[in-house]
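S.K.: What follows is a structure written as structure tokens; I'll ask about it next.
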């Protein structure tokens with residue numbers, strides 16, 4: 001999948017674009033390494049300040065419902081620390097180095113990604129403080145998607161998984177709105193945002209999967225087929241931002257991502273998959289189990305139980321792993337393992353191979369769900 005509208009000229013900006021030094025391969029690797037380490041340290045430190053800020057203003061998650069498994073108030077707003085660290089490092093890399101022109105990421109892309117993320121953080125702050133109704137929570141993800149579309153970031157065509165060639169999505173339009181391309185982009189970004197939002201139920205689960213996903217996109221961006229060094233830099237900085245936060249978020253968590261952080265990481269992964277081109281299938285593989293879980297939750301709530309999607313419950317796969325007898329850490333590691341396994345596999349597959357892997361992932365998820373359901377029933381059945 002490619003992010004650019006057909007016929008759009010490549011970007012040749014200098015001072016306003018994200019660039020990667022035109023250095024030898026070894027020096028580029030060192031740039032990525034130091035960027036990751038510096039971002040992780042900065043995120044670690046900023047999160048300390050954010051944690052104090054959340055406690056001071058009483059923006060905490062209290063264990064006031066059965067689905068909440070912590071036993072004392074935990075500060076929210078943790079995503080703000082990762083967000084701040086990410087953009088601080090991107091600003092330094094953008095302004096502080098003599099870098100070659102970006103091929104895939106323009107200044108308008110960066111502004112759109114920043115503004116979209118800032119809107120999510122603003123909405124998350126308000127929700128964490130005042131506990132907005134679901135219909136009001138939805139406004140900020142929609143605004144973030146509209147900002148991205150305004151920067152002409154979108155999916156113009158996809159590769160035919162059955163026999164090569166392309167399926168063009170930009171053939172029909174109403175004014176500047178590309179009916180198929182923009183609609184698919186909206187669904188994709190909302191899907192990734194709400195996947196990470198609904199997945200954020202165990203300590204370290206979402207932040208860890210984000211680190212894994214960002215590393216996979218980073219590695220795929222540096223293959224000979226794509227070689228998108230600017231995309232790779234964004235991905236490795238994102239991995240560093242969440243790795244630094246993960247120190248505070250892994251069980252027992254000292255701080256949570258909060259509403260803004262949980263949707264922002266999904267937003268970033270979705271946008272990176274679009275901008276980088278051809279990595280939507282990869283993102284589907286890395287986040288496959290959570291996405292399938294979310295799809296099942298939507299079907300179950302709307303069709304089977306006739307409930308609102310805004311209602312929370314403890315029937316997600318990650319909660320069922322706890323009911324099946326796994327500890328919180330083991331449950332998180334199992335889901336991390338699925339993401340890492342299928343993510344690494346995607347590095348060696350072409351489009352058709354990724355489709356087959358998605359089918360295998362679907363089968364594996366069904367088997368896991370059946371096993372968890374069986375174990376859960378056994379654990380709830382009283383012994384004679």
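Values quoted throughout were computed directly from the atomic coordinates according to the rules given, and no laboratory measurement underlies them. No experiment lies behind these values; they were computed from the predicted model shown. No Cβ is skipped: glycine too gets one built from the backbone with ideal geometry, and neighbour counts run over all protein chains shown.
S.K.: Once label points are set 7 Å from the Cα along Cα→Cβ at both residue 364 and residue 334, what is their separation, rounded to one decimal in nm?
M.R.: Here the modelled spin labels are 1.4 nm apart.
S.K.: Just the projected area, averaged over all directions, of the convex hull on the alpha carbon atoms of the range 24-81: how many nm²?
M.R.: Result: 5.4 nm².
S.K.: Continuing with this model, one more query. Once the principal axes of the Cα atoms of the range 25-278 are found, what is the range along each, listed largest first in whole angstroms?
M.R.: On the principal axes, the range 25-278 reaches 54, 45, 33 Å in Cα extent.
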